[in-house]
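To start, the structure under review is shown below, and the notes come after it.
The values are calculated or read from the model by the stated rules, or taken from the named source; none is laboratory data. Since the structure is predicted, the reported quantities are computational estimates derived from the model, not experimental observations. Note: ideal-geometry Cβ built from the backbone for every residue, glycine included; neighbour counts use all protein chains shown. These accessible areas exclude ligands, DNA and RNA; they are computed on the full protein's heavy atoms, side chains included. Shrake-Rupley method; radii C 1.70, N 1.55, O 1.52, S 1.80 Å.
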Amino acid sequence: MTMSTETYADTLARLLLDTVGELPAISLPLREAIGRRLAADLLTKQPSPQFDNSQMDGYGIGYANVAGGRFRVGPDVPAGTDPTDIYHYGVNGYGHDTAVPIMTGAKIPEDVVAIIPVEQADPPHFVDTGEYVYLPSVEVGAFIRKTGSDMPAGTLLARENTLVDAALVAAAASQGIAELTVKARPKVAVVAGGDEVVAGRTPRQAQIFDANTPLMQGFGTTHGMEIVATGSTTDELRDFQSEIDRLIRDHGPDIIITSGGISEGKYEVVRQLLDRLEISWVGKIQQQPGGPQGYGVYNRTPIIALPGNPISTLVSLRMLVVPALWKAFRSCWSPIAVQTKINSTVTGIRGKTQYRRGTVGLQGADLVAQIQGEASSHLLAQAVGSNALLEIPPLSRFKPGQTVTAHLFADVTFDLAVKPLPHMKSPPVVDRSSTGDGQGKTAQVITASTRAAAGTYEDEAGPQLVQWLRSKGYVTPNAVVVADQDLAHTMTQLMAKDQESLPDLLITSGGTGISPTDQTVDVISEILDVQLPHVMTAILLEGLQHTPHAALSRGVAGIVGHTFVATLPGSLGGVRDGMTVLDDIVDHIVEQIRGQDHQR
């Protein structure tokens with residue numbers, strides 16, 4: 001059985017942890033540390049500000065003068081000057097009616113309790129020492145930055161694994177910190193080639209320029225890898241093995257990433273080498289492009305073998321290598337995916353998740369995704385300008401306005417031009433996948449929660465249900481989260497599809513209680529063709545073993561068309577009770593709905 005993209009990325013992460021292990025911490029000057037991740041918590045060494053200082057250009061006055069009046073102007077206190085060098089006995093020692101001209105950032109002299117901005121004085125500008133100025137009343141503490149008001153000494157400035165950026169560097173510099181302890185990045189050597197690939201010279205007939213080496217170098221650099229060396233090979237195994245030996249001997253990489261030579265051809269030198277290793281795997285995963293994959297351990301150095309078509313290499317780097325490095329080391333770029341609405345129609349293929357080159361841009365306040373170019377893995381020019389890979393699950397059908405997962409590149413910007421969305425709402429997308437015999441099982445989870453839809457708290461029940469369904473072999477997309485009041489519209493949109501696109505199972509979570517906003521049972525009851533009340537009775541009895549509150553749930557179960565529907569509570573306990581009962585019967589229900597024989 002082939003692996004999913006996510007499962008294979010996890011496999012690579014475990015390989016890296018077992019072979020490379022934890023990367024060391026290194027100290028770098030502030031400038032060089034930018035873009036790295038802290039290897040330990042960073043604490044302040046001293047308070048910030050280090051002393052009471054003026055927030056404004058103005059006049060400082062003592063307690064006796066906060067009511068305002070006419071004052072004699074003393075000597076200036078510029079920023080960077082110790083006021084005791086000017087006012088040896090404090091401001092009051094200079095005279096009880098003294099107003100001190102003090103500049104922004106200057107240390108507050110002894111006896112000064114407030115600052116009055118110069119523009120509030122009469123005259124509204126600084127006058128010479130010994131002249132007089134009229135000042136309004138002021139509150140004690142006005143426009144004085146107190147010692148430690150930003151950060152007391154010993155304050156946590158940034159936690160371990162924080163990305164070092166300009167603000168963090170500035171904060172560290174303000175503490176007198178010249179170097180930061182950061183996590184090392186994995187040292188990577190990349191290898192591409194074959195008899196048909198040339199670099200540094202004009203190719204002969206039937207040869208091509210090497211595009212994959214610069215692709216891997218550029219991608220690796222922007223995504224937090226340290227590319228220490230590059231290599232090339234012919235279609236001879238001895239040449240490839242000699243190049244690997246050279247890279248390990250001369251550069252000591254933590255990881256070697258190859259591009260090409262991993263498919264089913266007669267001259268696949270990477271595959272030939274991996275087949276000879278004690279620890280290795282070569283096969284295909286459920287993604288397109290980039291299905292052929294492999295890995296191995298050569299002289300204690302892990303090799304990650306990617307397919308050679310440029311877009312296959314690009315997709316594999318983003319969807320497999322980057323997640324694996326992040327999970328293993330936490331020192332590279334953290335992969336980011338966003339939910340965005342697509343502006344065109346696209347349909348997935350059978351049995352594989354497609355990752356289409358895409359552009360994610362802003363239309364007003366909305367992020368909009370746009371397919372860029374065709375799906376073929378050799379269309380490198382059509383990838384120029386793309387900033388994401390759009391995930392198209394097997395046989396899913398996306399219409400304009402529906403939500404798609406966009407896996408962003410590290411150097412993404414959202415200022416790219418995309419076509420606007422049509423004026424329509426987005427119903428949930430239901431995967432429809434099958435095995436070779438056409439008997440694949442599908443499921444959909446919908447969480448009805450106004451607070452989760454608004455982002456007030458994270459949906460936990462939906463992911464639990466999705467994980468359970470996937471473990472049972474159901475092709476299940478991530479849970480769709482909708483507000484309680486939007487569930488009816490969501491179900492209307494879902495039921496409007498043709499029956500072939502509907503899942504075998506539809507499980508909802510939330511909205512089964514007695515609150516006025518709980519509408520799930522009412523909405524689902526209206527669309528059921530057949531009710532199965534004893535299913536919910538069994539779930540109720542399971543729940544009563546754990547809490548009497550289970551009796552308050554108004555769950556309903558039944559069949560609509562060829563889909564079994566069950567409504568579970570929003571609590572994790574209620575969801576677990578539902579999964580316990582349904583785990584033994586959902587396959588039986590699906591088989592009966594399909595008219596198939598079932599085990600007796």
(message) Among the numbered criteria (1) under 18 Å from residue 226 (Cβ atoms); (2) in contact with a Lys or Arg (Cβ under 9 Å, 6 or more places away or on another chain), which one does residue 291 miss?
(response) (1)
(message) Need the failing condition index for residue 539 against (1) out of contact with any Asp or Glu (no Cβ under 8 Å at 6 or more places or on another chain); (2) over 17 Å from residue 563 (Cα atoms); (3) open to solvent by less than 20 Å² (accessible area, probe 1.4 Å); (4) among the hydrophobic types (A, V, I, L, M, F, W, C), just the number.
(response) (1)
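Select from the range 58-76 the residues that are of a type in the set (Gly, Ala, Ser) and either farther than 15 Å from residue 139 by Cβ or surrounded by fewer than 15 Cβ atoms within 10 Å (Cβ to Cβ) (or both) and list them in ascending order.
The initial filter retains those residues of the range 58-76 that are of a type in the set (Gly, Ala, Ser), namely 58, 60, 62, 64, 67-69, 74.
If the condition is that a residue be of a type in the set (Gly, Ala, Ser) and either farther than 15 Å from residue 139 by Cβ or surrounded by fewer than 15 Cβ atoms within 10 Å (Cβ to Cβ) (or both), then 64, 67, 68, 69, 74 are the ones that fit.
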(message) Against the conditions (1) closer than 17 Å to residue 444 by Cα; (2) in a helix (DSSP H, G or I); (3) open to solvent by less than 50 Å² (accessible area, probe 1.4 Å); (4) of a type outside the set (A, V, I, L, M), where does residue 574 fall short? Just the number, please.
(response) (1)
(request) Would you check if there is a residue in the range 247-267 being farther than 30 Å from residue 395 by Cβ, open to solvent by less than 10 Å² (accessible area, probe 1.4 Å), modelled with pLDDT under 95 and in a helix (DSSP H, G or I)? (result) no
(request) Look through 114, 158, 167 and report the one residue that is more than 25 Å from the chain's Cα centre (by Cα) and either at pLDDT 90 or above or loosely packed, with under 12 Cβ neighbours inside 10 Å (or both). (result) 114
(request) Mind listing whichever residues of the range 268-282 are of a type in the set (Asp, Glu) and either surrounded by 23 or more Cβ atoms within 10 Å (Cβ to Cβ) or closer than 15 Å to residue 305 by Cβ (or both)? (result) 268, 275
(message) Tell me the residue from 87, 134, 94 that is exposed (fewer than 14 other Cβ atoms within 10 Å of the Cβ), more than 37 Å from the chain's Cα centre (by Cα) and among the aromatic types (Phe, Trp, Tyr), please.
(response) 134
(message) Checking the conditions here, which among 380, 367 is within 16 Å of the chain's Cα centre (by Cα), at pLDDT below 90 and either open to solvent by 10 Å² or more (accessible area, probe 1.4 Å) or under 22 Å from residue 480 (Cα atoms) (or both)?
(response) 367
(request) Read through the list (1) open to solvent by less than 60 Å² (accessible area, probe 1.4 Å); (2) small (Gly, Ala, Ser); (3) modelled with pLDDT under 90, then give the number of the only condition that residue 557 fails. (result) (3)
(request) Name the residue, out of 331, 344, that is open to solvent by 10 Å² or more (accessible area, probe 1.4 Å), small (Gly, Ala, Ser), modelled with pLDDT under 95 and not in a helix (DSSP H, G or I). (result) 344
(request) Within the range 507-523, identify whether any single residue is farther than 20 Å from residue 448 by Cα, open to solvent by 60 Å² or more (accessible area, probe 1.4 Å) and not in a strand (DSSP E or B), and answer yes or no. (result) no
(request) Look through the range 443-461, keep the residues that are within 17 Å of residue 576 (Cα to Cα) and within 19 Å of the chain's Cα centre (by Cα), and return whichever of them is surrounded by the most Cβ atoms within 10 Å (Cβ to Cβ). (result) 459
